[in-house]
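The values are calculated or read from the model by the stated rules, or taken from the named source; none is laboratory data. Here the structure is a predicted model, which is why all the values come from computation and not from measurement. Cβ sites come from the backbone with ideal geometry, for glycine too, and all protein chains shown count toward neighbours. Ligands, DNA and RNA are stripped out before the accessible areas are found, and what is left, the full protein with its side chains, is counted by its heavy atoms. Shrake-Rupley method; radii C 1.70, N 1.55, O 1.52, S 1.80 Å.
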Amino acid sequence: MEEADFRAYRQDHLFRDKAFDTWQDEILEVYAVNDCRTLPVSSVYDYLEEKYGVLPGNEQTLRNFVAYLVQAERLRLEEGGRLYGKVPELPFGKQMQLDFGRYRCRSGLVLYIFAALLSAGRYKHVIFQGEPFKTLDVIRHLLDSFDYFGGRPEELVIDQDRLMVVSENAGDIIYTKDIKHVIDEQELGLYVCRRADPETKGKVENLVKFVKVNFLASRDFDLVEDAKAGVLNWLARRANGKISQATKQIPAVLIERERAQLRPRCEARFSGKTRCWAGRIGSPPTKL
């Protein structure tokens with residue numbers, strides 16, 4: 001190639017077309033409404049995929065395009081942090097971790113997060129409500145999680161939340177009466193750790209963070225019902241439908257193996273203390 005031809009060739013190919021060029025305004029808008037905070041690219045990709053369906057590239061393509069926008073000074077981001085942490089593995093059907101969270105949407109709506117996760121396969125369940133949790137809410141969501149997972153594990157891991165634990169005395173855990181009833185009724189082992197204990201329940205703590213930064217960060221809700229419907233779709237599509245960074249496998253596939261090790265949920269019996277009857281939390285007993 002002659003020198004003049006090479007210069008012309010180089011000039012023509014200096015600025016290559018990028019797969020997400022036509023989506024630039026939409027991507028910049030997502031960051032703008034979030035005050036240009038650093039967002040996980042997987043969250044932005046999931047938002048675009050939910051809104052428009054098939055995209056012109058994969059997550060790595062979008063990650064490269066966002067890096068290009070930053071390098072070209074079309075987008076300026078704040079620094080972010082890590083999302084995942086190393087946690088020990090357990091056999092299928094052994095353990096479920098439980099945690100809570102709180103998130104304020106841009107609309108002002110406050111969502112209270114109930115997050116449950118099977119430790120082995122990383123299969124996840126998330127429930128929102130618009131008011132602070134009460135003990136009966138926790139019990140109802142716990143039983144709903146067993147139904148969602150297709151069975152109950154051998155043990156639960158929780159922290160010393162006041163809704164479930166009254167106090168600890170020299171290592172002896174005193175549970176609330178309602179929670180004690182459910183533990184006995186469902187024949188569950190219960191492991192209680194301190195708050196924010198990543199070595200013990202880091203998996204579900206990461207899940208709460210994942211819900212906030214991947215699902216909620218790029219969305220806004222005015223109604224709790226809309227958030228509930230959206231998170232169920234997100235669980236199927238993203239949280240349980242994509243490869244887990246920890247196991248390098250898809251939770252929606254692993255759950256089929258884990259369900260074989262889970263025990264069927266016991267039908268809730270009536271108790272005057274828990275007000276559980278015929279599997280319904282909060283329903284009064286029939287007078288005899």
Do you know which residues across the stretch 201-228 are more than 17 Å from GLY101 (Cβ to Cβ) and at pLDDT below 75? none
Can you tell me which residue is modelled with the lowest pLDDT among those in the stretch 241-268 that are more than 21 Å from LEU156 (Cα to Cα) and open to solvent by 100 Å² or more (accessible area, probe 1.4 Å)? GLN245
For the stretch 1-108, list the helices (runs of 4 or more DSSP H) that sit wholly inside it and hold at least 3 residues that are modelled with pLDDT under 80; which are they? 3-12
Output the qualifying pairs, or none if there are none: Cβ atoms under 6 angstrom, residues six or more apart or on different chains, first residue in the stretch 126-149 and closer than 11 Å to LEU111 by Cβ, second residue crowded, with 19+ Cβ neighbours inside 10 Å. VAL126/ALA115; VAL126/VAL211; VAL126/VAL231; ILE127/PHE114; ILE127/HIS141; PHE128/LEU111; PHE128/ALA227
Tell me, which residue of the stretch 205-231 that is free of Cβ contacts under 8 Å to residues at least 40 places away in the same chain and surrounded by 14 or more Cβ atoms within 10 Å (Cβ to Cβ) is nearest to ALA116 (Cα to Cα)? GLY230
